[in-house]
Amino acid sequence: MDSASAATLNGACAPKRANGAAESRAALLRGGGGFGIIYGAMDIVILLGAPGSGKGTVAGKLAADNANLSHVSSGDLLREAIAKGTAAGLEAKGYMEKGELVPDALIAAMIKDVVSATTGDKTMLLDGFPRNLAQAEILAQMGVSVRAAVLIDVPDDIILGRILGRRTCPNCKAGYHVTNLPPKVEGICDKCGTRLTIRKDDNPDTVQDRLAVYHRQTEPLIEYYGAKGILRKVDGNADIEVVAKAFMEQL
Ligand code: AP5
């Protein structure tokens, strides 16, 4: 995907890209915008989908395979903050363990930091943010260019098996599944050799709560981005390679 094809994509929200870090930074400094700063015309694709729908798997794979894509996961940022014991991490922990959303201001500040620290010309695959209408408005005020919001659509009855079988590398963040995407050596990350872990919120009770939160708070974003003409949908109930290819075709 080059800048020219990106610009013609889906018509409505074609990004106006800066040519590299220096120009991005210059655009940033020209400033303005509702968040007190405008982050140039950073090109963003939002991943929408229920917990366990495959957002992290697809975004991680596409970013690994395409030099012009990066992957930012709100969940990973929060888990990293918890691991480091930051104030934000300590505040977020209880919400995450219950499967509730953390406060909007907390996660928005983290996303804002990442966006403002990002230079260059990559398209950011934004996984897990926004998660409700208030966060979508905050993102809009950051002055970024949201090119598309791609929904990975998976029925609820598939979700539980996906989440309970998930294993994650705490070091490099690679994701696995005990049957759908097993590591070469059971329990060990293929990429960095670290012992895989089970996320604290990946248990049957919390999954039901996370699904309920998704339906109540995140699903309205489907209509929100639909009304803006930038909603795309892929069938997430297929092989990972098939889903990733279908997703890429939407970019
Ligand atoms: P977060 O980490 O974002 O979790 P989530 O949205 O619940 O999504 P998951 O990471 O569970 O699923 P995924 O769609 O990435 O699936 P994956 O690719 O891993 O958020 C965690 C918590 O942080 C939230 O509950 C909340 O508390 C807080 N939070 C985060 N963002 C927030 C925000 N913006 N505002 C407020 N709070 C926020 O796949 C799952 C499994 O399925 C894997 O094992 C994978 O190998 C397997 N799999 C994937 N695709 C396929 C496929 N096509 N076929 C078969 N198996 C597959």
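Bear in mind these aren't lab numbers, they're just calculated from the coordinates by the rules spelled out. Bear in mind the structure is a predicted one, so any value in this text is a computation, not a measurement. Note that we place each Cβ from the backbone using ideal geometry, even for glycine, and neighbour counts take in every protein chain shown.
Taking neighbour Cβ counts within 10 Å as the exposure measure, how do Ser53, Ser74, Ser145 sort from fewest upward? It would help to have the intermediate numbers written out before the result.
Values: Ser53 25, Ser74 21, Ser145 17.
Ordered from fewest to most neighbouring Cβ atoms within 10 Å, Ser53, Ser74, Ser145 come out as Ser145, Ser74, Ser53.
Rounded to the nearest 0.05, what FRET efficiency do Glu241 and Asp190 give with R0 = 22 Å and r taken as the Cβ-Cβ distance? Could you check?
For Glu241 and Asp190, the calculated efficiency is 0.85.
Whole-Hz ³J(HN,Hα) for each residue in the range 225-236, computed from phi via Karplus 6.51 cos²θ - 1.76 cosθ + 1.60 with θ = phi - 60°, x for glycine and proline: what do you get?
7, x, 5, 7, x, 10, 7, 10, 9, 10, 6, x
Could you please rank Glu80, Glu249, placing first whichever residue has the fewest other Cβ atoms within 10 Å of its Cβ? Walk me through the intermediate numbers first.
On the way: Glu80 15, Glu249 9.
Ranked by crowding around the Cβ, least crowded first: Glu249, Glu80.
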